[in-house]
Amino acid sequence: MVRKASCLLALSLLFAVLLSSVCLAAGKIVDEDFSCKGVLLGDSESVLQSKWGEPMYDKIAIKQGVKVRTYVYQDRSEASVAVATGRVVDFTVDSEKYIARNNVRQGATKFWLEKTYGKKQRQFLDGAYYLIYERENHPHQHLLLKIDPEDGHLLELRITNLPLTEAERSMMQEEGEPMLREVDSDDASLMNIDMSSLPQEDTVRLEGLGR
């Protein structure tokens, strides 16, 4: 009887260790989360062209205070390249079709998002709630998960290196971020295209995961 009890205890401890390992492995941001279809934020324009192919068209705009060339593809994906650096700074995808790591897609539950990326306080940004994750050693690269305010399921996904607030933009300027080179005077007429989505507050408001 004692031997049987010892075996059960040993099995229980082994199960606990395995469960702990699984829990520790889950819910972690990785570099892959800041890439889209084989292209990583910060990759060159030539890498984008080699991986994504020919776009339907492209357009120049001022996006969140940064002059970018946005390439639009047939599957409704968009990739923006900073004109000043020639580096990829933003991905916008068709949320109804795009599938991210660990089968994260539109409609993914709060539980599944936390299991994949880890727990995060939701933030109120530009009139909606988001879970915002940063890439390790790249604090201005963001994975933005727009979530439902009621139950936290995923509505939209975006990957960006563009500043989310005026405060972050100022910080990036102080750090000497080259993509924030002054906009040419000839581009002044473009300044209102996307700047309306850039919050004027110094910080975003943080709230708990629950209502």
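No value in this document is a laboratory result; all are computed from the given coordinates. Small disclaimer: the values here were computed from a predicted structure and weren't measured. In this analysis, Cβ positions are derived from the backbone assuming ideal geometry, glycine residues included, and neighbour counts consider all displayed protein chains.
Of note:
- Per-pair calculated FRET efficiency, R0 = 41 Å: Met56 and Glu114 via Cβ, rounded to 0.05: 0.70
- On the basis of the beta-carbon distance and an R0 of 30 Å, Glu150 and Lys28 show a calculated FRET efficiency of 0.65.
- Spin-label pair Arg105-Gln173: with each label point 7 Å from Cα along the Cα-Cβ axis, the two points sit 4.3 nm from one another.
- Inter-centroid distance (Cα atoms) of the stretch 39-95 relative to the stretch 105-136, Å: 23
- About the centre of its Cα atoms, the stretch 13-168 shows a dipole size close to 180 debye [charges on the beta carbon of Lys, Arg (+1) and Asp, Glu (-1) only; nearest 20 debye].
- Applying a threshold of 18 Å to the alpha-carbon distances of Lys97/Lys119; Lys51/Lys146; Lys59/Lys97; Lys28/Lys115; Lys115/Lys146 flags Lys97/Lys119; Lys51/Lys146; Lys59/Lys97 as lying beyond it.
- Residues Ile159, Ile132, Ile147 arranged by fewest to most Cβ contacts within 10 Å: Ile132, Ile147, Ile159
- Neighbour cut-off at most 14 other Cβ (10 Å), DSSP loop, GluC sites (Glu not before Pro), the stretch 108-184: Glu136, Glu150, Glu175, Glu182
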